[in-house]
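The values are calculated or read from the model by the stated rules, or taken from the named source; none is laboratory data. Remember, predicted model here, so these are calculated numbers, not experimental data. Note: ideal-geometry Cβ built from the backbone for every residue, glycine included; neighbour counts use all protein chains shown.
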Amino acid sequence: MKAYTIHSYILHSYQKRMGEREMNEKKRQKYYAKGMTVVMAAVMLLSACSGNDGGNSTVPAKTNSSDTNEGVTVGNSGVAEPLGKYDPPIEVTTVRSLSDVVENNVLGVLKDETLEDNRWSRVYEEQLGIKIKYNWVVKGSDNSDQYLQKMNVTLASGDLPDIIPVNAIQLKQLADSDQIEDMTELYEKYASPLTKDILSQEGKSPFDAATFSGKLMAIPQVDPSIERSMFIWIRTDWLDKLGLQPPKTISDVLSISKAFTENDPDGNGQKDTYGLGMTKGLWGGAMGLEGFMAGYKAYPNIWIENESGQLEFGSIQPEVKKALQVIQDMVKQGQIDKEFGTKDGGKVAEQIASSKIGMEYGEQWNSIWPLQLSKDNNKNASWRAFPIVSENGETPKVPQKFSTTKFIAVRKGAEHPEAVIKLFNMHVEKNWGETAEFDKYYAPKEAESVWQLSPVTPAPPKKNLEAFRQIDAARKAGDMSTLKGEAKTIQEKIDLYNSGSEEGFAVWGWERIYGPEGSMGITDQYDKNNQFLLDKFVSAPTPTMVERKSTLEKMQNEVFIKIILGQPIEEFDKFVADWKKLGGDQITQEVNDWYASNK
Amino acid sequence: MMSARTWRELPFHLMIIPGLLFIVVFSYIPMAGITIAFQKFIPAKGLFGQQKWVGWDNFSYVLELPSFGQVLWNTLYISSFKLVLGLLVPIIFAILLNELKNEIIKRSIQTTIYLPYFLSWVVLGGILIDLLSPSGGIVNSLLKSLSIEPIFFLGDNKWFPATLIVSDIWKNFGYGTIVFLAAITSIDPGLYEAATIDGANRWKKAWHITLPGMRMIIVLLSVLSLGQLLNAGFDQVFNLYSPQVYESGDILDTFVYRIGLLDAQYGVATAVGFFKSIVSLVLISGSYFLAYRFAKYRIF
Amino acid sequence: MSGNSTKSASSVMYRSPGTGKRFDWFAVANATFLIVVAILCVLPLLHIIALSFSSSAAASAGYVKLWPVDFTLASYDFTAGREGFWRSMLISLERIAIGTPLNLLLTILVAYPLSKETQHFRFRLVYAWIFFVTMLFNGGLIPWYVTIKQLGLLDSIWALVLPGAVPVFSIVLLLNFFREVPKELEESAIIDGAGQWTTLWRIYVPISKPAIATLALFSMVEHWNSWFDGLILMGDPVHYPLQSYIQTIVIQMNFGSMSRDELMNLALISDRTLKASQIFLGSLPIIATYPFLQKYFVKGIVLGSVKG
């Protein structure tokens, strides 16, 4: 079944850019965390010496009654610390999905680790005294049908685990039916400084999305919006072959596209190449249109603020109409595959792999997939990311959809509601904290996605950007030895590629992200130039959204594709009118109500 | 005190009881859940929790959605063709196969034609997209060699339903053929011998012996398929369609799936399911009585 | 020209007993047509097989058609080493070993009484409708799941076998086959003093071998192919049947609706050759079953028993 997620149209309230100030701030936090660790250790030592814990009733005899917030006050000083250990150990139940990557690339490789017993579960047990028990595991991703269905039947059968990972809609339902714990105080008290720092780097919005009636009902698994930045990925060997320069304006992009289509860049004497790749889904992290449209100041699918401070939906703005017209022309001239409407990402990836497409708009990781595929089939293929461009060459805004879609809630009446926060703490500590062992817990060479073994996976939203900055700094200083943690691991990959070995060939993609010409460098640039344009609606879906959003989305994509394939551009106006009539106006009203009350 | 008749019928009751038990437990008890169709059902509240009763609201919601009419029409159109062809093709094949003398060829063909059934639409979808592509696909290359314009099978509203129907038949006919072959094998060979003596050729035999011998199964499968009239094949359509062909290819199930039912509208999904069940019931009861009235044939 | 004798291919070509020595055009055309269709049916599977033996790069560029490109056993190597794959295959086999006999038993037991005339069995129609209605109405996923859960069947092989134990479609099919059995057989059995039970097992079942074999095949295929129940009803992936195991995360790569993690994962797992090898290996056992069952599709049993 389709991997489908209810993308709540989430508005994002203004996120403050931190820049350098943040780096200093982080340093300060690190010292603070270090100090705290010492204090914690001392306290733990004391409590261990003083014999068994006081009111820390971890005895399983306590039944599943509907306790209220007893958990907050329970526990002696040792346990009450962010990284305090439970002694005797406690058991918390949760559920999770098991992706192919973990199944094949991680568990398939690590012979003595299973989903129940692996380096992460061991860390949690040994250092926190928390045993994790999975009530169920479903093969698939967090957004797959089966996970969604399984979660729904679990909710419906009243069989909630202690720790419940849910999406925005399920969260709202749980909050409304009073099934989950209020985490506001617990978070305050138990989140370590590092955790708090990391989770707040996206600003308030992830927490806003999890807040109902002023109460924080779940810990958001903050996903960086910054990673949704778009770039123009172009076949540089084709640019060279045709004597073209990287684009500075949209018209450059159009000329490149035309040249790629007509001037036989793959040199096989046939007119079988396309200028721009796109999929039938129209949007997304690879071969999508958002970056292109942003060049025309068109920002579909997100909510943007207009001059009067009201929020409007990007897809119905006149700029989108203009962008669609341009794309329509491109299709007419054969620069875009006429059959794109039936091709999903996999199929378009095939075209990229067989050197039929020379340019696509995508996120920073595209070089790893699908672009690597073209290199696998043609050693001379080369791609590079370029910043998106606008019509007149001025710095364009880079639109970013709100990305936090997973929330970790705690069942009401759970014995140790704070336990999940400690898991968060330990996870960030072991990967990016003082005692971090990045190579072991995050991405060891042989099994890169080891971090997915943990049931919760918070990560510093800017970690990729940070890593890049560290690498870049080291590169400029000519001294790579100062790198550690994630930056070091990445640099090793870059070195491997540069060594020209066959093994290195497979990691070309990383060099294209973090190398001197890398996409992350451009993100850095976007950041410094303050180019990010964030989605401004960041709450659970409004009532009309719940009822109408999918219908409206379907209509939108259908009309857009029809226009792109040749229908008169006036269809767009009709679409806007229909959109408003069929619920769009209602939704806009609700969104603005929310916005006004949350400013 | 049991009457003699009841005593005689007792074995029948006893035979049925195990099956009945299973049915009651696994089908009838969950059936009570149809009430969800009348509620604004929220999974988080629990199956037995306080769900809001909304009466027919879920039904009217679906009926009033834009393009519902189009979707319903698509479903009926596609489904009817699949139904009719889905019976005709296996019947013809069964008869043709039956004519084969060589057992080895016959057996191998029997085995190969049911292979497509085992491949999922996910896999077949990808294959079909390549095969039917207007620019590179084999089918269109063939058409080109016959001087016919390329046809965008999967992207043209004029052709999409036909593509769905034909590919579905191709995937499933092998399986249906098996049933009909089984029916043919139970025909008394003596009838064929007698017909040969009377000088009948193969066509006469097929018409007068084979087909009548299959009649029961044909009627049966027709009636049962009628019950599926509103299931135009979610898996297939889902993997083959795209926004370009929503107009002709969107069926009830894909439509319902897309309006986010998984998360938020269980009540609506159940309502649609209930609606489909009622329609099936009406169709099947109708044909049951028709078959009885006109062909003296009881389907069950 | 009997349609039932087993003459060799050559005799078809050169001699048709009923009409003399005319060349049998039809038989040739028929055979050709059927063979062509059969080939068309095999092609997709050949494509999958070719993919599974090709290199990952070639597969992802769409270069593989019907023959492997850059032949390699890598995907089989990997799949063979995946313990979960083989374990899930065993579970599917277990499921069939328990489920299919159960299906057949219940089908036969229910179809027989229902095939009788109402005059012999007064409540026939009532029972028939009771069973039939379940084919039409159901309460949906949640009630079904909750029922199974309350019975304590979750995460066990019984959850895969018991809920579907009564295949009503098969019952309807079989009862119709039973009705076709000549009445003389039943009557002679009763005269000999046989009860209903004996009649059923000694007469009706042996005669209905083709039908029962068909239903057995249906049952096996159904069990083998189902993946959704495995995913929903099993808590631990070690209990997954085969198709549940093979289910992959991304079926359609629709980037707009995928989370960032999924997108990142794509980079690591988009190996079509791996999927192809799993699909092929996963279909092999069941495809191989039909040829074995074909021996049950034998004619002439009816004739034999009446004469005897």
Checklist entry - Counting residues that are among the aromatic types (Phe, Trp, Tyr) and either surrounded by 21 or more Cβ atoms within 10 Å (Cβ to Cβ) or free of Cβ contacts under 8 Å to residues at least 12 places away in the same chain (or both), which helices (runs of 4 or more DSSP H) fully inside segment A:482-599 reach at least 2? => result A:508-514, A:571-579
Checklist entry - Just one of the numbered conditions (1) more than 8 Å from chain C (Cβ to nearest Cβ); (2) closer than 24 Å to B:Leu226 by Cβ; (3) of a type outside the set (Lys, Arg) is not true of B:Pro134; which one? => result (2)
Checklist entry - Do we have any residue at all in segment A:191-201 that's of a type outside the set (Gly, Ala, Ser), touching a strand residue (DSSP E or B) at 6+ places or on another chain (Cβ under 8 Å) and either surrounded by fewer than 21 Cβ atoms within 10 Å (Cβ to Cβ) or on the phi > 0 side of the Ramachandran plot (or both)? => result no
Next on the checklist: Restricting to segment C:155-182, name every residue that is away from every other protein chain (no Cβ under 11 Å) and outside any helix (DSSP H, G or I).
Outcome noted: C:Ser156
Item to check | Test set (1) of a type in the set (D, E, K, R); (2) within 30 Å of A:Phe212 (Cα to Cα); (3) more than 16 Å from the chain's Cα centre (by Cα) - A:Glu448 fails condition number | outcome: (2)
Item to check | Residues located in segment C:227-276, provided they are of a type in the set (D, E, K, R) and modelled with pLDDT of 85 or more | outcome: C:Asp229, C:Asp236
Next on the checklist: Taking the conditions exactly as written (facing chain C (nearest Cβ under 7 Å), closer than 30 Å to A:Pro161 by Cβ and either assigned to a helix (DSSP H, G or I) or not charged (D, E, K, R) (or both)), does B:Ile109 satisfy them or not?
Outcome noted: no
Checklist entry - Among (1) farther than 28 Å from C:Ser219 by Cα; (2) modelled with pLDDT under 85, where does B:Asp156 come up short? => result (2)
Checklist entry - Based on what the data block shows, is C:Ile148 part of a helix (DSSP H, G or I), β-branched (Val, Ile, Thr), in contact with a Gly (Cβ under 8 Å, 6 or more places away or on another chain) and crowded, with 22+ Cβ neighbours inside 10 Å? => result no
Checklist entry - Looking at C:Thr32, C:Thr107, C:Thr79, which one is of a type outside the set (A, V, I, L, M, F, W, C), in a helix (DSSP H, G or I), modelled with pLDDT of 90 or more and over 21 Å from the mean Cα position of the chain (by Cα)? => result C:Thr32
Item to check | Unmet requirement for B:Ile29, which otherwise passes all of (1) more than 12 Å from chain C (Cβ to nearest Cβ); (2) more than 30 Å from C:Val28 (Cα to Cα) | outcome: (1)
Item to check | Qualifying positions in segment B:27-72 - in a helix (DSSP H, G or I), more than 17 Å from A:Asn152 (Cβ to Cβ) and touching a Leu at 6+ places or on another chain (Cβ under 7 Å) | outcome: B:Val71, B:Leu72
Next on the checklist: Taking the criterion of being small (Gly, Ala, Ser) and in a helix (DSSP H, G or I), would at least one residue in segment B:143-157 satisfy it?
Outcome noted: yes
Item to check | Members of segment B:90-106 that are part of a helix (DSSP H, G or I) and either modelled with pLDDT of 95 or more or not β-branched (Val, Ile, Thr) (or both) | outcome: B:Pro90, B:Phe93, B:Ala94, B:Leu96, B:Leu97, B:Asn98, B:Glu99, B:Glu103, B:Lys106
Checklist entry - If we keep just the residues of segment A:236-281 that are part of a helix (DSSP H, G or I) and small (Gly, Ala, Ser), which is farthest from A:Lys297 (Cα to Cα)? => result A:Ala259
Next on the checklist: Please verify whether A:Ser157 is crowded, with 20+ Cβ neighbours inside 10 Å, under 23 Å from A:Val102 (Cβ atoms) and not aromatic (Phe, Trp, Tyr), treating the condition exactly as stated.
Outcome noted: no
Checklist entry - Taking segment C:145-154 only, how many residues are touching a Ser or Thr at 6+ places or on another chain (Cβ under 9 Å) and at the interface with chain B (Cβ under 8 Å from one of its Cβ atoms)? => result 1
Next on the checklist: Checking the structure you have, find out if any residue of segment C:92-99 is among the β-branched types (Val, Ile, Thr), at pLDDT below 90 and not in a loop (DSSP other than H, G, I, E, B).
Outcome noted: no
Checklist entry - Across segment A:160-187, what is the number of residues that are more than 10 Å from chain B (Cβ to nearest Cβ) and without any contact (Cβ under 8 Å) to a residue 60 or more places away in the chain? => result 1
Item to check | segment C:60-90, subset crowded, with 17+ Cβ neighbours inside 10 Å and without any contact (Cβ under 8 Å) to a residue 24 or more places away in the chain, residue farthest from the other protein chains (Cβ to nearest Cβ) | outcome: C:Pro68
Checklist outcome for this item: When every residue in segment A:97-147 that is facing chain C (nearest Cβ under 8 Å) and modelled with pLDDT of 90 or more is compared, the one nearest to C:Phe85 (Cα to Cα) is A:Val137
Next on the checklist: Within segment B:215-237, does at least one residue satisfy the condition of being touching a helix residue (DSSP H, G or I) at 6+ places or on another chain (Cβ under 6 Å), more than 9 Å from every other protein chain (Cβ to nearest Cβ), more than 30 Å from B:Phe38 (Cβ to Cβ) and crowded, with 21+ Cβ neighbours inside 10 Å?
Outcome noted: yes
Item to check | Of all residues in segment C:183-212 being at the interface with another protein chain (Cβ under 9 Å from one of its Cβ atoms) and part of a loop (DSSP other than H, G, I, E, B), the one that is nearest to B:Phe12 (Cα to Cα) | outcome: C:Gly195
Checklist entry - If a residue has to be crowded, with 24+ Cβ neighbours inside 10 Å and assigned to a helix (DSSP H, G or I) to count, how many in segment A:352-372 make the cut? => result 7
Next on the checklist: Give me the residue from segment B:1-19 that is at the interface with chain C (Cβ under 7 Å from one of its Cβ atoms) and of a type outside the set (Gly, Ala, Ser) and, out of that set, farthest from C:Ser115 (Cα to Cα).
Outcome noted: B:Pro18
Item to check | Residues of segment A:348-382 that turn out to be touching a residue at least 60 places away in the same chain (Cβ under 8 Å), farther than 12 Å from C:Ser60 by Cβ and not basic (Lys, Arg), as a count | outcome: 16
Next on the checklist: Being part of a loop (DSSP other than H, G, I, E, B), without any contact (Cβ under 8 Å) to a residue 40 or more places away in the chain and under 27 Å from the mean Cα position of the chain (by Cα) is the filter here; which residues of segment A:301-338 pass it?
Outcome noted: A:Asn306, A:Gln317
Item to check | Tally, over segment A:445-481, of residues that are surrounded by fewer than 17 Cβ atoms within 10 Å (Cβ to Cβ) and either touching a residue at least 60 places away in the same chain (Cβ under 8 Å) or not basic (Lys, Arg) (or both) | outcome: 7
Next on the checklist: Can you tell me which condition A:Asn152 does not meet? The list is (1) polar (S, T, N, Q); (2) surrounded by fewer than 21 Cβ atoms within 10 Å (Cβ to Cβ); (3) within 14 Å of chain C (Cβ to nearest Cβ), and all the others hold.
Outcome noted: (2)
